[in-house]
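Shown next, in structure tokens, is the structure this report addresses.
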Amino acid sequence: MTGAIFLILPMRTTHTGKPPKNRNDWKTIGTLLPYVWEFKGRVVVALVLLVLAKLANVTVPLALKEIVDSLSPTEQVLALPVALLLGYGALRFGATLFGELRDAVFAKVTQRAIRRVALRVFNHLHALSLRFHLERQTGGVSRDIERGSRGISFLLQFMLFNILPTLVEIILVAVILLVQYDIWFAVVTFVTLILYIAFTLFVTEWRMVFRRTMNDSDSQANTRAIDSLLNYETVKYFGNEQWEARRYDEGMATWENAAVRNQTSLAGLNAGQAAIIAVGMTLLMVLAATGVVNGTMTIGDLVLVNAFMLQLYMPLNFLGFVYREIRHSLADMEKMFGLLEENTEIKDQPGVPDLKLGSATVRFENVNFSYEAKRQILFDVSFEIAAGHTIAVVGHSGSGKSTLARLLFRFYDVNSGAIRVNGQDTREVRQTSLRAAIGIVPQDTVLFNDTIFYNIAYGRPSASRKEVIEAAQSAHIHDFIVTLPDGYESRVGERGLKLSGGEKQRVAIARAILKSPRILIFDEATSALDSKSEKAIQAELKRIAEKRTTMVIAHRLSTIIDANQILVMEQGRIVERGTHRELLARKGVYSVMWELQQQEEALRAADDSLPSIAEALSLR
């Protein structure tokens, strides 16, 4: 779900290919605090319960000392031990009860924080520009968010309710030892603690490089796996199953090596911690036993010191584990929080109004644009689509046709010039209102892994079932859908792979019809259809384009001969413009393109007729 640390290995890059920014642990923790503080009352109650649990826990050894001393042969056994025993049991139960109540009270805080952070990351990812999403690796980003969500849960639970209470308990125990016994008890305790903590911090920091390598390798392997599965057919076409398996295993091999080094270094850390604790415990027991022999301490004091040490060093040993896991959690969270630091390239300025549609006139004014600084795509592009008119854009691949649609949707901002809708600069209106006014049938239709009904209704989720069916009928896909076993509830598969290219394109057309926008963009809208289907749908597209401002990006020139104006683009520039007849009369680039396509269609028609001629000859 998921702000982070970025103390990463040199030369490592994020999923966008950019070097990560450094973060520190306190900044990460500070990012979480507003989410935790949403439930102030619960946090305060949980902290009170935490203190009560630790006070009860520290009081248990004191009660045990009194019980032992009361049962000593030098003391007369009275009813007092019974009360002490009952008190001892109550303290034991109280320590556990307060701890469990604390966890129950704080559970909503933790889960709500995870939910809020996850939602924030999700919204931020959708707010990022198309540039980011063209560079990201879906599998790696998904795994980063998954690990980061687990990290938040662990961090909140263990940092607040294990590290803090353990430190409080250590201080309380040290104070009791200092007040009641020889100063050497406190000295040994503090020296042991300092050595333990210093050793844990030093070794854990050294081990973090293994954890980060594991995370990077895990994300890389997951990215390769998802990418391979999404392109299953391509893998099969070229018989590259073993190639994909090797690529996946490369990432897993790096992960394995890092995991082995992580585990072996953990064993060394645990052994070192155990040695420090054993030496400290032994010295304290020697001091206590000497005190008993000398008569300055009772058997109860010996039991008290031993109980305190066990009570202190057991959570201290757990504290080492918790600290390691918190550092791991912070490492797990760093990429997820790093996503929040990705710059939102396309932003609404504060207080910008919604787009006022009116007659929906679109104007490109001297637009220059480049995806990368060294490679300009559009050069001084200017044209206007009058309200209710259709303009067509043609040209060879890479001439910048589809870039016009992306800029109109404001997936990018122009480098210079302006794009206006009804005289309003698209940079000075809310993006949501701009995109709500535009519908598109893209060349490459990608569908959600859901039902056909869901994918059509996505154009307007509030639409009724009747409206969805009417849109499907207009797109000439209704008859096909009703032949399916599950009808409109048929699932289309990952990226719509269960449907043919033509079927997916009809779904996209139905979706655009259902949205009923004032501005329409057809980006090679019938490129995946056969000639017969194309003619049937062309009439429908022409009908829905009536009274709408329409831009048609086309390859087949026969589909745009009725456009009010045709723009011919070459290398990012408009080289010709006019109606179909005007451009043919000009004998320029468009005329050459038209003649070539007419020749291709004539040859295709001749090829299609050959089987019929052969059949006729065979009948004679």
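The values are calculated or read from the model by the stated rules, or taken from the named source; none is laboratory data. Fair warning: this is a prediction, and the values are worked out from it, not measured in the lab. Here the Cβ is made from the backbone with ideal geometry for all residues, glycine too, and neighbour counts use every protein chain on show. Please note that ligands, DNA and RNA were not included when accessible areas were found on the heavy atoms of the full protein model with its side chains. Shrake-Rupley method; radii C 1.70, N 1.55, O 1.52, S 1.80 Å.
Things worth noting here:
- For H389, the accessible area of its heavy atoms, probed at 1.4 Å with every protein chain present, is near 80 square angstrom.
- Solvent-accessible area, 1.4 Å probe, carbon plus sulfur percent, for the range 187-322: 67
- Nearby lysines by direct alpha-carbon distance to K54 (threshold 27 angstrom, same-chain neighbours under 8 apart not counted): K40, K65, K108
- Sequence-distant lysines (8 or more away, or on other chains) whose Cα lies within less than 19 Å of K535: K504
- Å³ per residue enclosed by the Cα convex hull of the range 236-382: 340
- Per residue accessible area in Å² of the range 420-509, where ligands, DNA and RNA are left out and the probe is 1.4 Å: 48
- Charged side chains reduced to their Cβ positions (Lys and Arg at +1, Asp and Glu at -1) give the range 400-452 a dipole of some 160 debye around its Cα centre.
- Given K401/K547; K335/K515; K356/K498, the pairs whose alpha carbons are separated by over 32 Å: K335/K515; K356/K498
- In terms of accessible area, using a 1.4 Å probe and ignoring ligands and nucleic acids, E576, E66 rank largest first as E66, E576.
- Accessible area (Å², 1.4 Å probe, nearest 10) - T483: 100
- Surface composition of the range 384-471: carbon and sulfur atoms hold 49% of the protein heavy-atom accessible area at a 1.4 Å probe.
- Of the three principal axes defined by the Cα atoms of the range 426-506, the extents in descending order read 48, 26, 19 Å.
- Measuring only protein heavy atoms, the 1.4 Å probe finds D444 accessible over about 110 Å².
- Gyration tensor verdict on the range 333-462 (Cα atoms; rounded if a/c is under 1.5, prolate if a/b is larger than b/c, oblate otherwise): rounded
- Going by accessible surface with a 1.4 Å probe and the largest first, Y181, Y88, Y412 read Y88, Y181, Y412.
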